[in-house]
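These notes concern the structure reproduced below.
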Ligand code: FES
Ligand SMILES: [Fe+2]
């Protein structure tokens, strides 16, 4: 099986290719399709009441603020007066005021004050605004036209008797699609992630299901109950893991496009409450957060790509590193090496172990083609409880 990256198809063509899946801006077919879903945009704990943050999502610069009563709002990225970045402004009750001349906008984007104007013309001025919801420690936004669909619930992650759920997030200079493909690529784990000591997996199976794709595989040495992965349309992956002596966990990773060349990664991880240490050290290792803060994953990846360090030196010094930190360094480095989608000039040779990659591309292309032609789309439905059997193991251990 072989497949080539094509860069020759323009946005106006009805024949879409893999290259179209990497373009997410407002006018693109994939960008329009993605705007039909809710997307997590910020970790709720990272924005306090009365504070403002810049956001970049799906190729658009936006502003996130939390009102003084605590409600998150998303509005346009620039003040329409003279174009200053609105995230420099101040929250005023439920509204946001531009830092430059003080024009004020309500949560619906309507201009409600122009303090220095002798004859205010607020009724002619409006900025974009988007619906938000806060759920499981994440702020979600809806960027499509019209009324949003209901925000999908994740009942497994709401079980706070059994689990302590944690949110982590970071930004990588990598296409969201590369991240999703990587998350379903079981063959790379034995090689790139040397620290797990896995054998190359056998019998990798991926099939389309009601929420996207379900994968099974053998040979990682993991407990079969924990040995499954899912891809949930459009931008999430879920997996469970358990190593000897550790209770394991399940997690949902969102890979939300900021633009064509970068993505924000949120991980929502359900750590069982059965073992006190499970929550603090999900992946045992010597160094954790302090090293992460001093040496961000993206800096180490940049050093490896520039040749400042090589993989052999990383391998030699990686013995005491936190498992997940090292895993992220490895993934971020190889994925960053692919470069921005618009500048890729290489072909690929997909093999049998790239089944999930080929399936994911086919499934996406089918949906965006149907979308462009106005045909019915598959309604993706995640079951309420995806990790029932993992939860059963953790509940039994808690007794
Ligand atoms: S630029 Fe925002 S009020 Fe003037
Ligand atoms: Fe990986």
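Quick one: grab the alpha carbon gyration tensor of the stretch 48-142, order the square roots of its eigenvalues as a ≥ b ≥ c, and give me rounded if a/c is under 1.5, else prolate or oblate depending on whether a/b is larger than b/c. Prolate, since a/c reaches 1.5 and a/b exceeds b/c.
Using a Förster distance of 22 Å, how high is the FRET efficiency between residue 45 and residue 85, based on the Cβ-Cβ distance and rounded to 0.05? Spell out each step's value before the answer.
On the way: r = 24 Å, r/R0 = 1.07.
For residue 45 and residue 85, the calculated efficiency is 0.40.
Mean-square fluctuations from a GNM of the chain, with a 10 angstrom spring cutoff on Cα atoms, peak among 32, 104, 292 at 292. Here the Gaussian network model covers the chain, with springs between Cα atoms less than 10 Å apart; of 350, 304, 62, 350 fluctuates the most. One decimal place: the segment residue 392-residue 153 gains 84.0 nm when fully extended, by the rule 0.36 nm per residue minus the C-alpha distance.
Rounded, prolate or oblate: which one fits the chain, using the alpha carbon gyration tensor with axes a ≥ b ≥ c (rounded when a/c is under 1.5, else prolate when a/b beats b/c, else oblate)?
Cα axes put the chain in the prolate bin.
Measuring from a point 7 Å past the Cα of residue 126 along Cα-to-C-beta, which residues in the stretch 94-120 have an amide N at less than 16 Å? Only 105-113 fall inside the zone, counting backbone N under 16 Å. Cα centroids of the stretch 151-218 and the stretch 18-49: how far apart, whole angstrom? Spelled out, the Cα-based centre of one part sits 19 Å from the other. Extending 7 Å from the Cα toward the beta-carbon at both residue 225 and residue 14 defines two label points whose distance is 5.1 nm. Counting every other Cβ atom within 10 Å of each residue's Cβ, 329, 171 order from fewest to most as 171, 329.
Could you compute the FRET efficiency for residue 116 and residue 171, with r as their C-beta to C-beta distance and R0 at 56 Å, rounded to 0.05?
Details: r = 37 Å, r/R0 = 0.66.
The formula returns an efficiency of 0.95 here.
What is the fewest-to-most order of 206, 103, 194 by other Cβ atoms lying within 10 Å of their Cβ? Intermediate results must be reported in sequence, preceding the final value.
Details: 206 21, 103 26, 194 15.
The fewest-first ordering by Cβ neighbours comes to 194, 206, 103.
Between residue 193 and residue 378, what is the FRET efficiency for a Förster distance of 25 Å, r being their Cβ-Cβ separation, to the nearest 0.05? Once the sixth-power term is evaluated, E becomes 0.15.
For the chain, a Gaussian network of Cα nodes joined below 10 Å ranks 375, 78, 66 by mean-square fluctuation, and the top entry is 375. By the count of neighbouring beta-carbon atoms within 10 Å, fewest first, 345, 95 end up ordered 345, 95. Quick one: grab the alpha carbon gyration tensor of the stretch 55-106, order the square roots of its eigenvalues as a ≥ b ≥ c, and give me rounded if a/c is under 1.5, else prolate or oblate depending on whether a/b is larger than b/c. Taking the square roots of the gyration eigenvalues as a ≥ b ≥ c, the stretch 55-106 is oblate. In this simple spin-label model, placing a label point 7 Å from the Cα along the Cα-to-Cβ direction at both residue 370 and residue 343 gives a separation of 3.7 nm.
Every read-out reported here was derived from the displayed coordinates using simple, explicitly stated rules and does not represent laboratory data. The shown structure was predicted, so the numbers you read here are calculated from the model rather than taken from an experiment. Reconstructed Cβ throughout: ideal geometry from the backbone, glycine too, with neighbour counts over all protein chains shown.
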